[in-house]
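Okay, structure first, notes after.
The values are calculated or read from the model by the stated rules, or taken from the named source; none is laboratory data. The structure presented is a predicted model; accordingly, all values stated were derived computationally and were not measured. Here the Cβ is made from the backbone with ideal geometry for all residues, glycine too, and neighbour counts use every protein chain on show. Remember, those area values only see protein heavy atoms, side chains included, never the ligands or the DNA or RNA. Shrake-Rupley method; radii C 1.70, N 1.55, O 1.52, S 1.80 Å.
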Amino acid sequence: MKEVELKFQVPPAARQAVESAVAGSQPGRRMRLQAAYFDTPKGALAGAGLALRLRKEGRAWVQTLKGALPDGTSMTRSEHNVPRTETGAVVPEIDPRLHAGTPVGEALLTALQRADGELQRVMGTDIWRRARIVRVPGGAVELAFDVGVIEAGPADAPRRLPVCELEIELKRGHPQAVVGAAQRWVMRHGLWLDTRTKAELGNLLVRDVAMATPRRASEVILTKSMSPAEALDAVLRSCLEQISVNASQIASGTHSPEHIHQLRVGLRRLRTALRFFDGARLIEAIDSESRVALSADAASLFRQLGEARDRDAVSGPLAIELARALVAVGQAGDPPSLPASGAEIDPAVLVRHGSVQRLMLNLIARVHSVPPAVATGVSGRAAVEQPLSASPAAERPEAPLTLRKRLALRLNRWHRQILVDAERFDSLDDEGRHRLRKHIKRLRYAAEFSARVFDERSVRRYLKGLRALQERLGTVNDVAVGVALFSAAAPTDARALFALGWLAAQRERALLACRPDLKRFVVQTRFWRVRRKKTGSK
């Protein structure tokens, strides 16, 4: 079966209110859920995205296997439950064969065949759950308020992680019922989305690591036969995964600069997708109000995270080189401190904010929505591919443009915009060079979205040139940011004044390094160009 569920962390101040609201008129009903999770010594199941557990529900034990769906998101998973005959406190023997004949069971079999050893208990949970099923617009959902602990590690000195979360699971109806309920609970109680399952959090405890690896962009797989709505869905799913996974880790309060960077990449990819497909007339399935709201919320979060990212960039490799330069002139020690930026925003607090949660829930709602054309009985492709200018009275309406052709027209337009600035690069100021870099990033993401529709070898060659140019201009931008940050301290700090002079020299070197890549880009073959076959007499 398919599990449709969203999970949210509950802040301490809202715990009592959430528990009371979930309990409703039956405050005394709670159930203790004690579970043992199993994996191989080197985590073969966790590596395959699987979770295998035995859970005591009342007096009975239930064996459950969960795994990711091929086209799913963090909201949907494959789940197979098998009631066990055993009762009592002793954990029964795990039996993987009970899941045979199911898709998730086949994935388990494959993982075990490649595994390094036998299944063993690796972690456990001890949860008190208060749950209630409620009717909501679009169906019925179960509200489950969980309080307890996840435990892993040596029996004599286990590592523990407290649990206080609300799960909203679909029991009947459409996935939108879960999203709608989630939106109300988030806004009422200040909850924040957490895509990390108990099994994933336990796996971090097993490995004794503080945080999950930052989530990079997953490959977008489009096909020529896709409708525009299907193509957009594939892109948005990739954006949603990157945004929600990194945002969840940041919201936990434990994260690295790379989590912030990858969240910003996901936001830029989302904004690029909305603009790219809109310009290619491919997103009629999203109403303009939703499109504007998604783009505006993504832009707002991107900007607010920008300062932290800029300061991290200047405090990284550039700072190391600057320290070496100071040593060379007899000024040993740390580089000059960056001037204070005023009230700095804690990224965790920022990501937990209602506007950010609204962004992610709206994106989840879009990904799991039913296209309007399907709801009215019209095929999705016919509804969204019909030319906007087609006249009902036309005797011979033009054939709708194919997905490949629409993508090619948009790619070509963005490529030509970059050519204009590339050819006058020497006359651009810092703002103009920054704009050029943003346009290159935008084109790169669009090319990555479109790659499978065109010749992949040609796309790889094109992207190689784009990435090299983006990296060169990234160095130019980091230097420009450093100049802006140190300028405020330079009048009263001799080391900051030295840093400005050193950065000016670095800027000239970086600008010179850009020119060869710019020249190559100007003559770069465009992978979307369709070569026409020559015709004539033989």
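A quick yes/no check of all residues on (1) assigned to a helix (DSSP H, G or I); (2) at pLDDT 95 or above; (3) not hydrophobic (A, V, I, L, M, F, W, C):
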| position | (1), (2), (3) |
| --- | --- |
| Val186 | yes, yes, no |
| Pro214 | no, yes, yes |
| Glu241 | yes, yes, yes |
| Ile250 | yes, yes, no |
| His259 | yes, yes, yes |
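In the set (1) closer than 30 Å to Leu403 by Cα; (2) part of a helix (DSSP H, G or I); (3) open to solvent by 10 Å² or more (accessible area, probe 1.4 Å), the condition left unmet by Leu267 is number (3). For Val459, state whether it is modelled with pLDDT of 95 or more, surrounded by fewer than 20 Cβ atoms within 10 Å (Cβ to Cβ), on the phi < 0 side of the Ramachandran plot and in contact with a helix residue (DSSP H, G or I) (Cβ under 7 Å, 6 or more places away or on another chain). Answer is yes for this residue.
A search for C-beta distances below 8 Å between a residue of the stretch 504-531 that is open to solvent by less than 50 Å² (accessible area, probe 1.4 Å) and any residue that is not in a helix (DSSP H, G or I), counting only pairs 6+ apart in sequence or on different chains, returns Phe527/Phe454; Phe527/Asp455; Trp528/Phe454.
Among the residues of the stretch 92-108, those identified as under 29 Å from the mean Cα position of the chain (by Cα) and open to solvent by 60 Å² or more (accessible area, probe 1.4 Å) are Pro103, Glu106. Scanning the stretch 168-184 for residues that are assigned to a loop (DSSP other than H, G, I, E, B) and surrounded by fewer than 20 Cβ atoms within 10 Å (Cβ to Cβ) turns up just one, His174. Of Arg32, Arg55, all but one fail to be surrounded by fewer than 17 Cβ atoms within 10 Å (Cβ to Cβ) and either out of contact with any Lys or Arg (no Cβ under 7 Å at 6 or more places or on another chain) or at pLDDT 95 or above (or both); the exception is Arg32.
For the stretch 1-20, the tally of residues that are closer than 23 Å to His174 by Cα and among the aliphatic types (A, V, I, L, M) stands at 3. Number of residues in the stretch 446-478 that are under 17 Å from Pro228 (Cα atoms) and part of a helix (DSSP H, G or I) equals 8. Here the stretch 273-283 is the region considered, the condition is being assigned to a helix (DSSP H, G or I) and open to solvent by 10 Å² or more (accessible area, probe 1.4 Å), and the residue that is modelled with the highest pLDDT is Arg275. Would you confirm whether any residue within the stretch 164-172 is touching a residue at least 24 places away in the same chain (Cβ under 8 Å), over 25 Å from the mean Cα position of the chain (by Cα) and farther than 16 Å from Glu57 by Cα? Yes. Can we say Ser227 is crowded, with 16+ Cβ neighbours inside 10 Å, over 24 Å from Val136 (Cα atoms) and not aliphatic (A, V, I, L, M)? Criteria met by Ser227.
For residues that are without any contact (Cβ under 8 Å) to a residue 40 or more places away in the chain and either open to solvent by 50 Å² or more (accessible area, probe 1.4 Å) or not in a helix (DSSP H, G or I) (or both), tally how many sit in the stretch 427-445.
7
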